[in-house]
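S.K.: Before anything else, here's the structure in question.
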Amino acid sequence: MGNNIEGKVVVITGASSGLGEAAARELAQHGAKLVLGARRMDRLETLAKELSLGKDAAVQTDVTQCAQVQRLVDHAVHSHGRIDTIINNAGLMPQSLLERGKVQEWDRMIDVNIKGVLYGIAAALPYMKQQKSGHFINVSSVAGHKVGPGFAVYAATKHAVRALSEGLRQEVKPYNIRTTVISPGAVATELPNSISEPDIAEKVRRAYEIAIPAESFARAAAFAISQPDDVDVNEILFRPTRQEL
Ligand SMILES: NC(=O)c1ccc[n+]([C@@H]2O[C@H](COP(=O)([O-])OP(=O)(O)OC[C@H]3O[C@@H](n4cnc5c(N)ncnc54)[C@H](OP(=O)(O)O)[C@@H]3O)[C@@H](O)[C@H]2O)c1
């Protein structure tokens, strides 16, 4: 892979596990300068140490708090002088049927999966606009393309991520900014742990028996970033080869 990654300043939200953590590992190998955000500071610091990122690379961030996302992005710019890519990845998936009325879980998904992405855009866009370069990678899902019983709200949040990303893509053309949506299928991470309904958790556990490793996402992110600056990879959708939905 041609390396248009080395030296790039990349901010990753939700870097304490799963896809975000795998992306950090992959991009570190390619020489990116990483700034990692999530709530679990112990996990972030362990990863930052393992990847020799320096002690300032981990920033405790709750993406539902706009000011904290701003602080994460500001920190990247103050530390490295610029921000080249933000991977708006933090998310959760407490699936359940609408008739069960898990309103607090709906609120939480909207706050993390949609507002968290918006806060990342709000924080990074002014810098990228001024730089006249930058790259947003927003994490959607196969559920951003498909809807089914049990994941209507999750799918709604992931459809929203795609809609926002397409609007962003069109708006930032004058500023030479790239916009990529990555929509994974079942990938083996801690994501199903957020499901509180035992019967649905069991159904998802079975569906995830075919899940593929998080490196699949990391390679997709690296592919998008590594393209020449005049190539804007807008959508990547991937699944386990055996996944039906
Ligand atoms: N795994 C899959 O099959 C799959 C498929 C399609 C899409 N996705 C999407 O991929 C993204 C990453 O999920 P994953 O699979 O890697 O799951 P994961 O292992 O559970 O990771 C989720 C990450 O999000 C972070 N997070 C959750 N709430 C947060 C908050 N309020 N503020 C900041 N960070 C928060 C978590 O960190 P802390 O808990 O430390 O804050 C963690 O690092 C999500 O957007 C998910 O919807 C995953």
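The values are calculated or read from the model by the stated rules, or taken from the named source; none is laboratory data. Remember, predicted model here, so these are calculated numbers, not experimental data. Here the Cβ positions follow ideal geometry from the backbone for every residue, glycine too, while neighbour counts run over all protein chains shown. Note: areas computed on protein heavy atoms with side chains; ligands, DNA, RNA excluded. Shrake-Rupley method; radii C 1.70, N 1.55, O 1.52, S 1.80 Å.
S.K.: Got a sec to turn the phi values of region 203-219 into Karplus ³J(HN,Hα) couplings, 6.51 cos²θ - 1.76 cosθ + 1.60 with θ = phi - 60°, whole Hz, x for Gly and Pro?
M.R.: 4, 5, 4, 5, 5, 8, 5, 9, 4, 9, x, 5, 4, 4, 5, 4, 5
S.K.: State which entries of Lys8/Lys132; Lys102/Lys146; Lys132/Lys173; Lys33/Lys55 exceed 18 angstrom in Cα-Cα distance in the structure shown.
M.R.: Too far apart for the 18 Å limit: Lys102/Lys146.
S.K.: Using only Cα atoms, find the angle between the long axis of helix 41-50 and the longest principal axis of the chain, and express it within 0 to 90 degrees, rounded to the nearest 10.
M.R.: With both axes taken from Cα atoms, the answer is about 50 degrees.
S.K.: Quick one: which residues, 5+ away or cross-chain, put their amide H under 5 Å from the amide H of Gly134? H built at 1.01 Å from N.
M.R.: Here Arg178 satisfy the definition.
S.K.: If you take the charge dipole of region 90-245 about its Cα centre, with +1 on Lys and Arg Cβ and -1 on Asp and Glu Cβ, which of Ala122, Val172, Tyr154 is farthest toward its positive end?
M.R.: My answer, from the dipole projection, is Val172.
S.K.: Evaluate the relative contact order of the chain (contact order divided by residue number), counting alpha-carbon pairs under 8 angstrom at least 6 apart; express in whole percent.
M.R.: Contact order relative to length: 22 percent.
S.K.: While we're on this one: By how many degrees, 0 to 90 and rounded to 10, does the Cα axis of helix 18-29 deviate from the longest principal axis of the chain?
M.R.: Orientation of helix 18-29: about 30 degrees from the principal axis.
S.K.: Once amide H atoms are built 1.01 Å from N in the peptide plane, which residues 5 or more positions from Glu235, or in another chain, come under 5 Å H to H?
M.R.: Val181
S.K.: Size of the dipole of region 71-130 about the Cα centre, Lys and Arg at +1 and Asp and Glu at -1 on the beta carbon, nothing else charged, in debye to 20?
M.R.: That gives a dipole near 100 debye.
S.K.: Over region 179-245, what relative contact order in percent results from Cα pairs under 8 Å that are six or more residues apart?
M.R.: Answer for region 179-245 is 55 percent.
S.K.: With a sphere of radius 9 Å drawn around the Cβ of Leu47, what net charge do the other residues whose Cβ falls strictly inside it have (Lys, Arg +1; Asp, Glu -1)?
M.R.: The answer is 0.
S.K.: Rounded to the nearest 20 debye, what is the charge dipole size of region 21-117 about its Cα centre when +1 sits on each Lys and Arg Cβ and -1 on each Asp and Glu Cβ?
M.R.: 80 debye
S.K.: Just reorder Ser79, Ser194 by solvent-accessible area, largest first, 1.4 Å probe, all chains present.
M.R.: From most accessible down to least: Ser79, Ser194.
S.K.: Under 5 Å between amide hydrogens, which residues at least 5 positions from Gly150 or on another chain qualify, with H placed 1.01 Å from N in the peptide plane?
M.R.: For Gly150, whose amide H was placed from the backbone, the distant partners under 5 Å are Leu98.
S.K.: Give, rounded to the nearest 20 debye, the magnitude of the charge dipole that the chain has about its Cα centre when Lys and Arg contribute +1 at Cβ and Asp and Glu contribute -1 at Cβ.
M.R.: My answer is approximately 180 debye.
S.K.: Let me ask another. Among the listed pairs Lys49/Lys203; Lys158/Lys203; Lys115/Lys203, give every one whose C-alpha distance is greater than 31 Å.
M.R.: Lys49/Lys203
S.K.: If you don't mind, another one. When only alpha-carbon atoms count, how far does the chain stretch along each of its three principal axes, as whole angstroms with the largest first?
M.R.: 49, 38, 36
S.K.: Can you work out the Karplus-derived ³J(HN,Hα) for every residue in region 221-229? Use 6.51 cos²θ - 1.76 cosθ + 1.60 with θ = phi - 60°, whole Hz, and x for glycine or proline.
M.R.: In residue order, the calculated couplings are 5, 4, 4, 5, 5, 6, 5, x, 4 Hz.
S.K.: Another one. In the chain, what percent of the accessible surface is made up of carbon and sulfur (1.4 Å probe, ligands and nucleic acids excluded)?
M.R.: Answer for the chain: carbon and sulfur cover 51 percent of the accessible area.
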